[in-house]
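Novice: Following this message is one structure expressed as structure tokens.
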């Protein structure tokens with residue numbers, strides 16, 4: 001679902017670059033089997049491929065065993081109602097469909113082909129989609145205008161023996177139903193008691209009302225309105241599913257039907273709900289203003305008019321975001337895994353109830369950590385889970401699978417306990433690694449200084465950070481250079497308004513203060529007296545680091561244009577270690593297809609002692625929690641679980657003993673090979689009592705060489721984005737950029753630094 005169309009030139013340019021580089025589009029196809037020799041080719045294609053073909057011809061159900069069909073969904077649109085853009089056509093809708101495909105993959109590990117059908121004729125569309133049934137395990141209809149979407153979905157459900165799901169309708173409905181269920185619990189009401197008024201009577205609104213009615217809402221307590229007023233019994237031209245809710249009333253406008261209502265459901269247009277009308281509603285009303293990007297009423301206005309209200313929107317910058325991503329990946333996950341022939345009302349209700357129940361549980365420790373200590377407790381500002389809750393897939397997919405089996409649409413019976421355990425071990429959210437960090441940082445407006453303020457990468461990252469409302473940037477740079485550079489970059493921020501500038505050429509008072517502060521420490525750190533002035537004025541890393549030390553800013557990002565170690569030495573000369581740490585270490589992350597993988601120490605200590613290995617392990621495990629991850633730590637070696645008595649192997653075993661004593665609840669094991677760390681079956685064959693399940697997400701290396709070589713080799717060979725390096729063990733948050741860092745990498749470290757401050 002598109003969240004809106006309003007954007008400035010910088011965002012537009014960034015979005016176009018995002019879709020263009022490093023290759024066009026957001027999807028690619030990769031093989032799941034090796035093909036390295038002639039025999040592999042013979043098995044994959046001729047003559048070996050004939051064997052599965054014949055098996056499927058004899059028994060069509062075997063397609064689930066020998067092909068990707070059981071994990072393949074089609075996201076299909078004709079581009080007639082692309083949210084926020086309207087009828088832009090099939091081809092123009094393709095970026096949206098690719099985006100939906102990415103969400104399926106990242107949240108539920110479901111493969112997707114996006115298909116754009118170039119017709120507005122419902123008959124042709126139905127025929128085209130129905131003929132694709134042999135290819136797919138499910139169909140997700142997207143961005144098709146009403147009323148055609150109703151008929152298209154109904155006809156495809158009749159013709160096809162696989163799940164057909166129109167997410168704009170039913171995904172929205174499921175998440176809304178979950179939120180309504182929980183909001184009513186807080187208000188001490190049931191669905192049967194609720195009185196609902198809508199603004200909007202389109203596909204999404206009707207699907208929401210239909211699902212709520214199936215869950216207990218009384219039809220006589222429903223009043224629909226749209227841009228033409230109240231849906232009443234005398235109104236002409238109503239669709240059958242709309243006529244079901246037509247009221248016998250003389251009321252014709254929204255404010256006329258609001259008195260006594262305790263639930264407003266908006267799926268319409270900005271600003272249609274006026275603050276003064278809210279007084280008409282019943283005590284403790286529920287206000288769901290879900291229009292995007294601008295809701296029917298701003299939450300702050302609604303809160304001012306009705307302090308007793310529970311408010312939800314479709315936006316991420318307010319509490320209680322109604323987001324379809326809480327639903328569609330997981331309902332398809334459950335449906336596919338039991339070979340469901342449909343997604344029926346029982347499965348939708350099960351999904352809604354599972355989402356609602358999850359919000360009523362104590363927040364998962366990884367989620368609580370990711371949100372930087374913000375209270376995520378079931379209540380008026382937390383009625384539905386966050387998209388970062390790792391329990392979503394296990395709870396929703398299992399509930400859907402159970403409902404499919406109970407209602408008779410499943411073709412496979414599975415053990416639900418085993419299924420839940422398997423899902424909980426699935427690490428499919430690697431592409432979302434930074435999302436909890438951004439959430440923790442958003443709105444903090446911490447002051448962060450960037451040493452290389454004239455670098456284009458830094459400037460672009462600052463624009464993105466401002467757009468994300470992450471920080472208040474300060475840059476060390478010459479104004480005269482920036483005034484020449486900024487217009488050509490197309491960036492929207494203004495110097496000395498949006499971004500503070502410290503110019504060594506003109507800001508002599510500030511620079512003089514920094515020089516004196518530096519003089520007080522540098523003379524005892526090996527810096528010649530006659531070099532102090534030059535260091536502060538000519539080395540932006542020193543300038544920025546001194547601003548952090550003197551409290552002018554809250555965090556710093558430095559380096560990026562010269563050799564890493566040299567910049568680190570400048571930092572260590574100025575910023576003290578955390579008293580609890582004996583050394584400073586570096587943690588780097590990789591966003592791999594298989595999941596997020598962190599490695600330490602990638603940049604700082606060449607040959608750490610057992611005590612230092614233990615220390616970096618503890619610091620790294622704590623840092624992983626800031627990403628919303630439960631650490632699973634492997635201490636790596638050439639030795640597997642005591643197989644060698646070399647000094648390196650003994651070092652890692654000694655470190656393991658220290659870590660276990662210091663953090664007895666940490667999932668950590670070693671010493672072990674890298675393949676054992678990443679493979680549960682292999683680890684189980686080697687040792688019967690492994691201390692963690694699933695693949696490790698933190699690899700602790702015996703030497704700097706091992707860590708850095710592993711990091712760079714994995715990054716280059718997989719083309720995987722990296723996160724970091726993040727310095728650990730310093731008293732103040734500061735990170736040194738590598739020369740190869742991208743603007744996105746700088747933005748990530750900006751969010752990490754801000755989140756560090758928020759999380760304490």
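Novice: Taking the number of other C-beta atoms within 10 Å as the exposure measure, put 277, 565 in order starting with the fewest.
Specialist: Ranking 277, 565 by Cβ neighbours within 10 Å, fewest first, gives 565, 277.
Novice: Another question, if that's okay. Test of understanding: ordering 317, 337 by Cβ neighbours within 10 Å, fewest first, what list do you get? Numbers along the way, then the final one.
Specialist: On the way: 317 11, 337 22.
Neighbour counts put them in this order, fewest first: 317, 337.
Novice: Now for a separate question. When ranked by the protection proxy of mean other Cβ atoms within 10 Å per residue, highest first, what sequence do the peptides 696-708, 520-532 form?
Specialist: The peptides rank, most packed first, as 696-708, 520-532.
Novice: Additional query: In degrees from 0 to 90, rounded to the nearest 10, what is the angle of the helix 743-759 Cα long axis to the longest principal axis of the chain?
Specialist: Between helix and principal axis, roughly 90 degrees.
Novice: Another question, if that's okay. When only Cα pairs under 8 Å and 6 or more residues apart are kept, what is the percent relative contact order across the chain?
Specialist: Details: 1449 pairs, mean separation 76.3, N = 760.
So the answer I get is 10 percent.
Novice: For region 438-574, with equal point scatterers placed on the C-alpha atoms only and solvent neglected, what are the log10 I(q)/I(0) values from the Debye formula at q = 0.19 1/Å, to two decimals?
Specialist: Debye curve over Cα of region 438-574, log10 I(q)/I(0) at q = 0.19 Å⁻¹: -1.10.
Novice: Could you work out the helix-only [θ] at 222 nm for the chain, with each DSSP H run of four or more residues adding -39,500 (n - 2.57) and the total divided by the number of residues, to the nearest 500 deg cm²/dmol?
Specialist: Values: 30 runs with 323 residues, N = 760.
So the calculated ellipticity at 222 nm is -13000 deg cm²/dmol.
Novice: Do you know the relative contact order of region 438-574, to the nearest whole percent, from alpha carbon pairs under 8 angstrom that are 6+ apart?
Specialist: 29 percent
Novice: Which three extents, in angstrom, do the Cα atoms of region 59-136 have along their principal axes, listed largest first?
Specialist: Here the spans come out as 42, 31, 13 Å, largest first.
Novice: Write down the radius of gyration of region 576-720 and its Dmax, each obtained from C-alpha positions, in Å.
Specialist: 14.0, 45
Novice: Hey, what's the Kirkwood Rh for region 169-426 if you take every pair of different alpha carbons, in angstrom?
Specialist: Result for region 169-426, one decimal place: 18.8 Å.
Novice: Can you list the residues of region 438-457 with backbone N under 18 Å from a point 7 Å past the Cα of residue 500, pointing along Cα to Cβ?
Specialist: Answer for this model: 443-454.
Novice: So, one more: Relative to the longest principal axis of the C-alpha atoms of the chain, give the angle of the C-alpha long axis of helix 508-522, reported between 0 and 90° and rounded to the nearest 10°.
Specialist: Rounded to the nearest ten degrees, it is 60.
Novice: Could you work out how far apart the two model spin labels at residue 17 and residue 489 are, taking each label as a point 7 Å from the Cα in the direction of the beta carbon, and quote it in nm?
Specialist: Each label point is offset 7 Å from its Cα along the Cβ direction, giving 0.9 nm.
Novice: Which value in nm describes the separation of the simple spin-label points at residue 691 and residue 592, placed 7 Å from the Cα toward the beta carbon?
Specialist: Going from the residue 691 label point to the residue 592 one covers 2.1 nm.
Novice: Rg to Rh for the chain: what is it, with Cα atoms only and Rh by Kirkwood? Walk me through the numbers before you get to the answer.
Specialist: On the way: Rg = 28.5 Å, Rh = 28.6 Å.
Radius of gyration over Kirkwood radius for the chain works out to 1.00.
Novice: Give me the percent relative contact order of region 169-426, please, defined on Cα pairs under 8 angstrom at least 6 residues apart.
Specialist: Details: 488 pairs, mean separation 46.8, N = 258.
Taking the mean separation of contacting Cα pairs over the length of region 169-426, I get 18 percent.
Novice: Then there's this: Would you compute, for the Cα atoms of region 527-589, the largest minus smallest coordinate along each principal axis and list the three values in descending order, in whole Å?
Specialist: So the extents along the principal axes, rounded to whole Å, are 36, 25, 23.
Novice: For a quick check: sort 444, 214, 253 by the number of other beta carbons within 10 angstrom, fewest at the front.
Specialist: Fewest-to-most ranking of 444, 214, 253: 253, 214, 444.
Novice: Could you tell me what a quarter of the Cα convex hull surface of region 99-202 works out to, in nm² with one decimal place?
Specialist: Working: hull surface 34.7 nm².
One quarter of the hull surface, i.e. the mean projection, equals 8.7 nm².
Novice: On to the next question. Measure nothing fancy, just the Cα-based angle from helix 456-467's long axis to the longest principal axis of the chain, in degrees from 0 to 90, nearest 10.
Specialist: Helix 456-467 sits at roughly 40 degrees to that axis.
Read-outs throughout are calculated quantities, based only on the coordinates presented, and are distinct from any laboratory measurement. None of these values were measured; they are calculated from a predicted model. Neighbour counts are summed over all protein chains in view; Cβ atoms, including those assigned to glycine, are modelled from backbone coordinates with ideal geometry.
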